[in-house]
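Okay, structure first, notes after.
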Amino acid sequence: MRLPYHWLRELVSVPADPEGVAATLGLRGFEVASIEQGAQPVIDFEVTANRPDCLSVIGLAREASAAYALPLTLPDRTLPPADDAKPLEVVIEDAELCPRYCAQMFEVRSLGASPAWLRDRLEAAGVRSINAIVDVTNYVMIEMGHPTHAFDLARLNGATLRIRRAKPGERIRTLDGLERALEPDMLVIADAERAQAIGGVMGGADSEIGSGTRVMVLESAYFKPSSLRRTSKDLGLKTEASTRFERGADINAAPAAIARAAALLHQIGAAHPLGAMIDRYPAPKPPLTLTLRGARIARVLGETVEDADVPKILGPLGFEVKPVEARGPRSEVRNEGTSWNVTIPSFRVDVVREIDLIEEVARHDGYVGLPGTFPTLTAPQPPPDPRMLRDRTIKQVLIACGMSEAMTFAFVEREAAAPFAGSVEPPALKNPLSEKYAVLRPSLLPGLIDAAAYNRRRERRDIRLFETGARFTRDGENRAVAGVWTGAGGSSHWSGAARAADFFDVKGAVEALCRTLGIEVTVSAAMRPYFVEGRAGDVHVRLNTEATAGGHDSAARGQNHLVASGSPPSREALRGDRDEARRAESGSRILGEIGQIAPAILAARGFPPNEELFAFELDVDAIAALQPTGDLRAESLPRFPSIVRDVSILVAAILPAASVRGTIRSSAPDTLVDVTEFDRYLGKGVPDDRVSLSLRLTFRSPDRTLTDAEVDQAMDRIVAALVSAHGAIRR
Amino acid sequence: MNVASLQQQFTSDLAGAASEADLRALRDKYLARKGGLVSNLLKDVASAPAEQRPVLGRQANELKQHIDTQLTERLAQAAARKPAADAIDVTLAGRAPFIGHRHPLTLLRDRIESFFLRQGFLIVEGPELEDDYHNFEALNMPAEHPARDMQDTLYLASPVTSAVGSPATLLRTHTSGMQVRYMERFPPPVRLIAPGRVYRRDNLDLTHTPMFTQVEGLVVGENVTLADLKGTLETFAHDLFGPERRTRFRPSFFPYTEPSGELDISCGVCGGTGRAPADARSVSPKPAERQAGEGGCAMCKQTGWVEVLGSGMVHPAVFEAVGYDPERYTGFAFGVGIERLALLKWGVEDIRLFYENDLRFLEQFPL
Ligand SMILES: [Zn+2]
C-alpha cells in the first residue's frame, strides 16, 4: 500500500518526517517496503493479509493517530442534496453472497480530466488517472479502502439491478475486454437480461461508462470474502477491488463510500446525485462485543499492562472500551482483575476474539520494551528421535568413506524418474513449476546422477556424492540413502597413479554403513534396467531370530514417520514385529542395491560418454526396522593364538565367491573364524573359463590352542568339499 | 698481507661456505703447507725485522689456530647434517585421505539443533506429503482463507497413501503439520523443534527454491508468554550470529499465531547503519554487497536490519483444533528457513547453490 505522506498529514498532523512515520508504523506491524522522497513523499507499506482496513489512507492514518496520540480527522462524507429522478431498483437475490448493496444514481456533468491535485494524489498512490469519475472511485478506494463500481444506466436493460448467482452457461465480457464463462457459484450484478458485472471482481464492458454517459449508477457493496476469492481464483482475475473484498471489506463503509464519492464528484463538478441512495441490507450485523481481561493480557504477554493504558491504546484504533462492573457473583469475572467490554468497529474484520485484542494492546504497547525471558521447563523431555541419531550416523559413515552430502529436489523430470519407477507411474504434481519438476522421485538416484553430471561438466573428475531423504510411490514416502561414485578409487598421489573406482568401492562403503548400523549384509547378482547388466547386485540381510530379536523402533516401523520420537513402541507392536520376523525367518530381505549406472541413462543426463558411474541405494526405513536396539555386549579378546591357512583353487569363472565361502563355512569346524579372498587371477596359466581364487582362512578356539594337525585335517576336509561341490582344483 | 686483513678475509670466506667441499677448499686456501695464505704469512714473519718477529709470530700462530678450529667445527657440523641414505623429502605432498563433506545446510541444521537441544527441546520429524487439514485447516487457515496465498502450494495430481493419517494431497508448505500431529497425540507441556524439507511453488531465483529447509519450534505450557518467545529468539539469534549483533522484535501476522512477531538482526554487511560500507566495493566481489554503492546497503535495503524469522503465540483456534484448552495453556511457535540463515551467515549470494551440489561449493564448508 503506497501511502502519500501529504495525504496522511491531511488526516493526522503527524510531527514526524516520512522516515519517522515509516519507522513508527514499522514497529507496529506495517513492514516498510520502500520510502520515496521528493515533492510527493510516499511510504510503501507491506500490509499483512489480516488488515484489509489498512489498504487505505484512513486505515494507516488511524494507526498513526494511535501511535502519535493525535486526533484523526475524517474527510467530508455528507451526501450533497440530490435532484429528483426516476426510481432505481435493487434486488438482492442472494443475501449470503451479498449481504449489503448500496447504489446511487448520478447525473454526469463532466467526464473530462480531474483537477491536478486529485491526479497528483492518485499518481503518488500508484494509480493512473483516467477521467474524473473513474478517478473519484479510485480516490475513494485508496482513501477509505472501499471499492465502488459505476454503470452507465442507459446501457443497462431496465432500471433494476439484480444481485444473483450466474446462470448456467452465462457469459460476460469484462472491462479488460475478455469474454468470460461464469459458473453458478459466482455472484453477478445483472440487469433484466444479463450479468453486467462480476460482484466485487470486475465490471462488464457493456455497461462501462464513457463519454456518452448521462446518468450513472454507482455501486458500493459488501461481498462474502470466501466466495469472492474462489470466483477471482477460478477466473484468474485479481483486481484492486477483489484483493480488498476477499480479505474482508467494512460492511458499514458501503453507504459511506457513496457519500464520500458524491461529495468529491460534487466538489469537482463531475456529477450530481439523482434521487435517494438505495441501501439494501436485509439482515444488519450487530457490532461484535468482546470481553478483554487484564489478567489474560499479562498471562499471554508476560508483562503487565496498566489498566489505564488499555483504553488509551484501543480507543484511538476505533474500539469502544467500557470497563466491566464487578457486580454480581464473583465467579462471573473469574477473579481476573479488571475486565473490559470492547465493541469492535466494523472495519476491523480481523478482530474476532479476545486474543486479537491482546495483540492490539501488545502491538501498540510495543514489542520493543517487552522483557526477554525464557520458558520454564516443567517436565523431563523424552529421549531423542532414533531416526535423527540414525541419520547422523549414516552421514558420518559415508563422509568417512569419502563421499560428500548432496541435496537434490524431491521432484524430477518424468523421463529421469521413469527407469527407476518400474512399471508404476511415480506420483505426479498437479501444478508443477515446470516439466523439469513434474513427478516425485521414486529413487534418490536420478537427482544424484544429475548432480554428478553437473560436476562432471565442470571439469570435475572425481565425484563422490550421497544423499539421505524421502522417495515416493503411490504407497507413500520411504526414507532412503543413496550415493554415486566416479573417477578415482583412491586419492591420487605422486607416489603412484590412482586406481579407477569400481563396484567394490561402493560395495565397501555400503558394507561399512550397514555394519555401523548393526546389520551384516550380503550382495547377490541382480538385474535392473538402470544398471549395466552383470554389474549390479541386491543388498540382502538374512532374516533370522538373532538379527531381528528386539530390533525395532517405533518411528521406523512401517513406512515411517510419525512422531513420537521418544515414545517407545508398545509391547503389542513389538510382539507383532517379532511374529512377522519369525514368519520370515528362513528368508532374506532386500535392503537395496548396488550397481553401475547404465550408459544410456548417463548419456541422457549429459554425462560424458565412456565413463563409469557406480551407485547404491538403501531403504533406511527397512534398515531401521532391523537394527538391534539392545545394548552392545563387548566380547572378550581371544585368549589363544589363531592359525592362518591360505588356499588357492581353480574354479569356474562364473562361480560366485559367496558360494565358495559358503562351501568352506559349511564344511569347516566351528574353529573357523574368518574366511576372506585375497587374490583373484585370470589369465596366463589359468584355463579360459576358470579363475584362480586364493582365500585366507583363520582358525581359532576360544578355550584352547589349536594344533597344526587338526587345522590341516580341517583344511583337507574343506578342500575335499570344494572339489566335490565346485570341481575345484587346488593349485 | 697483514694478520688483521687476513682474519677479515677468512671470516667473510667462511660465511660464504655452504658445503663440505667449500670448507675443505678453505682449509687448502689458508692452511696448505705450500701456498696456504697463513703458511705464507708465517714465512713472511721469518723475514721481518727481528724486534717485530715475536709479536708477529704469535699473532700469525693464533690466526692459524683460529682458522683451524673454525673449519674443524664447521666440517663436523656439516658431516652431522648429511642426510641418511633412506631420508625422505618431507616437503612433498601428503597422501590425502578421502573424506567427504557435510552439506552446508546440514552443518547449519546440526548447529541449530544443538542449540535447541541445549535448551531442552525435543526434535521431531514428520511426513513431507501432507493432507490439507494438517497443513492448513488445523492451523486456522480454512479453505479460501486469504493467508493461503502467503504459501503457494504444490498439490499432488492424485492422493497418495500416508502412513500417518488420511491420504496426502499436497507437499507440505511448512513443518507446522508435524506440530499439529504431535499435539494431537501428546498432552502439554510441549517443547520441540521440527526440522525438515518444505515445498512452495516458487520459481528459482537468487533467494527462492521450490524446496527448502525449515526449522519450526513449538513450546506449550501453562505459563508460556510472548516475553518467553522474545527471549528464546534473541538468544538463538545471538548464538547463531554472535552476541554483537543487535536484535529487534516487531509485530507481524501469521494465521496460526496471535500475537505474531518477526525477529530482525542488525545487518552484517553495513553494520546496521544502512549506509554503503566504505570499502564494500573493493573488498567484496559479491554483487549483493557490491551494489551497496551510493544508494546505501543493498543487503538490508538501507534499513540496517535483516529479517531472520517469523513467530508468535499459538492461536487459540489451533489449540482448539488439537484438543488443548486455550484458557489453560499458552504457547509460542516460530519458523525459520535454514537457507536464509545460511545466506545471512556465510554470505552465500545465490540460494540455488545449495541444490546444485557443485563440489567446489560444498567443499568450502568444514566437515
Ligand atoms: Zn545493511
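The values are calculated or read from the model by the stated rules, or taken from the named source; none is laboratory data. Nothing here was measured: the structure is a model prediction, and the numbers come from that model. Quick reminder, even Gly has a Cβ in these numbers, built from the backbone with ideal geometry, and neighbours come from all protein chains shown. Side chains are part of the model used for accessible areas, which takes the heavy atoms of the whole protein and leaves out ligands, DNA and RNA. Shrake-Rupley method; radii C 1.70, N 1.55, O 1.52, S 1.80 Å.
Could you work out the relative contact order of the stretch A:47-192? I mean the mean sequence separation of Cα pairs under 8 Å and 6+ apart, divided by the number of residues, in percent. Walk me through the intermediate numbers first.
Details: 154 pairs, mean separation 34.3, N = 146.
Relative contact order here is 23 percent.
Work through the residues other than A:Ile251 whose Cβ is under 9 Å from its Cβ and net out their charges, Lys, Arg +1 and Asp, Glu -1.
Numbers: positive: A:Arg100, A:Lys285; negative: A:Asp250.
Net local charge, A:Ile251 excluded: +1.
Rounded to the nearest 20 Debye, what is the dipole magnitude of the stretch B:3-81 about its Cα centre when Lys and Arg each give +1 and Asp and Glu each give -1 at the C-beta?
For this selection, approximately 200 debye.
Which value in nm describes the separation of the simple spin-label points at A:Arg353 and B:Arg360, placed 7 Å from the Cα toward the beta carbon?
If labels sit at A:Arg353 and B:Arg360, their model points lie 5.5 nm apart.
Among B:Gly177, B:Gln214, B:Ser158, which residue has its Cα furthest toward the positive end of the charge dipole of the stretch B:153-227, with +1 on Lys/Arg Cβ and -1 on Asp/Glu Cβ?
The Cα lying farthest towards the positive end belongs to B:Ser158.
Quote to one decimal, in nm, the extra length available between A:Asp185 and A:Asp76 on full extension: 0.36 nm per residue of separation minus the C-alpha distance between them.
Numbers: separation 109, 0.36 × 109 = 39.24 nm, distance 3.77 nm.
Extending this stretch completely gives an extra 35.5 nm.
Taking the Cα centre of the protein assembly as shown as origin, work out the dipole magnitude from +1 charges on Lys and Arg Cβ and -1 charges on Asp and Glu Cβ, in debye rounded to 20. Each step should come with its number before you reach the end.
Details: 128 positive and 144 negative charges, 531 e Å.
Taking the Cα centre of the protein assembly as shown as origin, the dipole is about 2560 debye.
Pulled fully out, how much extra length does the chain show between A:Arg414 and A:Arg717, if you take 0.36 nm times their separation in residues and subtract their Cα-Cα distance?
Values: separation 303, 0.36 × 303 = 109.08 nm, distance 5.64 nm.
Here the segment from A:Arg414 to A:Arg717 would lengthen by 103.4 nm.
Compute the separation of the alpha-carbon centres of the stretch A:678-731 and the stretch B:213-261 and state it in Å as a whole number.
The distance from the Cα centre of the stretch A:678-731 to that of the stretch B:213-261 comes to 68 Å.
Using Cα-Cα distances under 8 Å and only pairs 6 or more residues apart, what relative contact order does chain A have, in percent? Present the calculation step by step, with values, prior to reporting the outcome.
Numbers: 1370 pairs, mean separation 65.5, N = 731.
Computed value for chain A: 9 percent relative contact order.
If you take the Cα Rg of the stretch A:228-295 and divide it by 2.2 N^0.38 Å, with N the number of residues, what do you get?
Values: Rg = 17.4 Å, N = 68, 2.2 N^0.38 = 10.9 Å.
Output field value: 1.59.
Cα-Cα over 31 Å: which of A:Lys436/B:Lys230; A:Lys238/A:Lys430; A:Lys430/A:Lys507; A:Lys233/B:Lys230; B:Lys29/B:Lys82?
A:Lys436/B:Lys230; A:Lys430/A:Lys507; A:Lys233/B:Lys230
Which shape class applies to chain B: rounded if a/c is under 1.5, otherwise prolate when a/b exceeds b/c and oblate if not, where a ≥ b ≥ c are the square roots of the Cα gyration tensor eigenvalues? Working shown, then result.
Working: a/c = 4.07, a/b = 3.49, b/c = 1.16.
It is prolate, given that a/c is not under 1.5 and a/b is the larger ratio.
Mean residue ellipticity at 222 nm from the helices of the protein assembly as shown, using -39,500 (n - 2.57) per DSSP H segment of n ≥ 4 over the full residue count, to the nearest 500 deg cm²/dmol? Provide the component values of the computation, followed by the final result.
Numbers: 35 runs with 361 residues, N = 1098.
Value at 222 nm, helices only, nearest 500: -10000 deg cm²/dmol.
In what sequence, largest accessible area first, do B:Met183, A:Met144 appear using a 1.4 Å probe? Provide the component values of the computation, followed by the final result.
Working: B:Met183 5, A:Met144 30 Å².
Sorted descending by solvent-accessible area, the residues read A:Met144, B:Met183.
Please find the FRET efficiency linking A:Ser724 to A:Phe678, where r is the Cβ-Cβ separation and R0 is fixed at 35 Å, and quote it to the nearest 0.05.
0.90
Rank these residues by their accessible area, most exposed first, probe 1.4 Å: A:Asp176, B:Asp86. Before the final figure, lay out the partial values.
Details: A:Asp176 70, B:Asp86 130 Å².
The ranking, largest first, comes out as B:Asp86, A:Asp176.
Determine, from the Cβ-Cβ distance of B:Ser5 and B:Ala93 and an R0 of 41 Å, the FRET efficiency 1/(1 + (r/R0)^6), rounded to the nearest 0.05. Display every interim value, and only then the final one.
Working: r = 50 Å, r/R0 = 1.22.
About 0.25, to the nearest 0.05.
Rank these by accessible area, largest first, 1.4 Å probe: A:Glu612, A:Glu359. Display every interim value, and only then the final one.
Working: A:Glu612 80, A:Glu359 5 Å².
The residues order as A:Glu612, A:Glu359, largest area first.
Just add up the charged neighbours of A:Pro446: K/R +1, D/E -1, any other residue whose Cβ is under 13 Å from the Cβ of A:Pro446. Display every interim value, and only then the final one.
On the way: positive: A:Arg414, A:Lys436, A:Arg441, A:Arg471, A:Arg605; negative: A:Glu413, A:Glu415, A:Asp450, A:Glu467, A:Glu617.
Combined, the nearby Lys, Arg, Asp and Glu give 0.
Can you work out the accessible area per residue across the stretch A:2-68, with the rest of the protein chains kept in place, probe 1.4 Å, in square angstrom? It would help to have the intermediate numbers written out before the result.
Values: 2090 Å² over 67 residues.
Per-residue accessible area for the stretch A:2-68 comes out at 31 Å².
Across the stretch A:438-443, in residue order, what do the Karplus-derived ³J(HN,Hα) couplings come to in whole Hz, using 6.51 cos²θ - 1.76 cosθ + 1.60 with θ = phi - 60° and x for Gly and Pro?
7, 10, 6, 5, x, 7
Rounded if a/c is under 1.5, else prolate if a/b is larger than b/c, else oblate: which is the stretch A:288-368, with a ≥ b ≥ c the root eigenvalues of its Cα gyration tensor? All intermediate terms of the calculation are to be shown ahead of the outcome.
Values: a/c = 1.79, a/b = 1.22, b/c = 1.47.
Judged from the Cα gyration tensor, the stretch A:288-368 comes out oblate (a/c at least 1.5, b/c at or above a/b).
Between A:Glu193 and B:Leu206, what FRET efficiency follows from the Cβ-Cβ distance if R0 is 51 Å, with the result rounded to 0.05? If you can, show how the numbers build up before the last one.
Numbers: r = 53 Å, r/R0 = 1.03.
Result of the calculation: an efficiency of 0.45.
Identify all lysines with a Cα-Cα distance to A:Lys322 below 24 Å; exclude those on the same chain that are fewer than 8 residues away in sequence.
Result set, ordered by chain and number: A:Lys285, A:Lys312.
Explain nothing, just compute: Karplus ³J(HN,Hα) = 6.51 cos²θ - 1.76 cosθ + 1.60, θ = phi - 60°, for every residue of the stretch A:189-194 in order, whole Hz, x for Gly and Pro.
3J(HN,Hα) across the stretch A:189-194, in whole Hz: 9, 10, 8, 4, 9, 7.
Near A:Ala22, within a Cβ-to-Cβ distance under 13 Å, what is the net charge of the other residues, with Lys and Arg +1 and Asp and Glu -1? Please list the in-between numbers first.
Working: positive: A:Arg2, A:Arg28, B:Arg250, B:Lys301; negative: A:Asp17, A:Glu19, A:Glu31, A:Glu36, A:Asp44, A:Glu46, A:Glu63.
For residues surrounding A:Ala22, the net value is -3.
Note down the magnitude of the dipole of chain B about its Cα centre, charges +1 on Lys and Arg C-beta and -1 on Asp and Glu C-beta and zero elsewhere, to the nearest 20 debye. Numbers along the way, then the final one.
Numbers: 40 positive and 47 negative charges, 479 e Å.
The calculated dipole for chain B is roughly 2300 debye.
Under 1.5 on a/c is rounded, so check that first for the stretch A:2-68, then, if it is not, pick prolate when a/b is larger than b/c and oblate when it is not; a ≥ b ≥ c are the square roots of the alpha carbon gyration tensor eigenvalues. Show your work: numbers first, answer last.
Details: a/c = 1.44, a/b = 1.23, b/c = 1.17.
Since a/c stays below 1.5, the shape of the stretch A:2-68 is classed as rounded.
Measure off 7 Å from each Cα along the Cα-to-Cβ vector at A:Arg665 and A:Ala498, then give the distance between these two points in nanometres to one decimal.
The two pseudo-label positions are separated by 3.4 nm.
Using the basic label-point model (7 angstrom from Cα toward the beta carbon), what is the A:Val686 to B:Arg53 distance in nanometres?
So the label points at A:Val686 and B:Arg53 sit 9.3 nm apart.
To make sure I understand the rule: partners must be lysines, Cα under 16 Å from the Cα of B:Lys34, and not fewer than 8 residues away in the same chain. Which ones qualify?
B:Lys43, B:Lys64
Output wanted: per-residue J couplings in Hz (rounded whole) for the stretch A:159-166, from phi through Karplus 6.51 cos²θ - 1.76 cosθ + 1.60, θ = phi - 60°, x for Gly and Pro.
Whole-Hz 3J(HN,Hα) from phi for the stretch A:159-166: 10, 10, 9, 10, 9, 9, 7, 5.
Using a 10 Å cut-off around each Cβ of peptide B:191-199, what is the average number of partner chain Cβ atoms that fall inside? Can you show the working numbers first?
Numbers: counts 6, 4, 0, 1, 1, 2, 5, 0, 5.
Counting other chains' Cβ atoms within 10 Å and averaging over B:191-199 gives 3.
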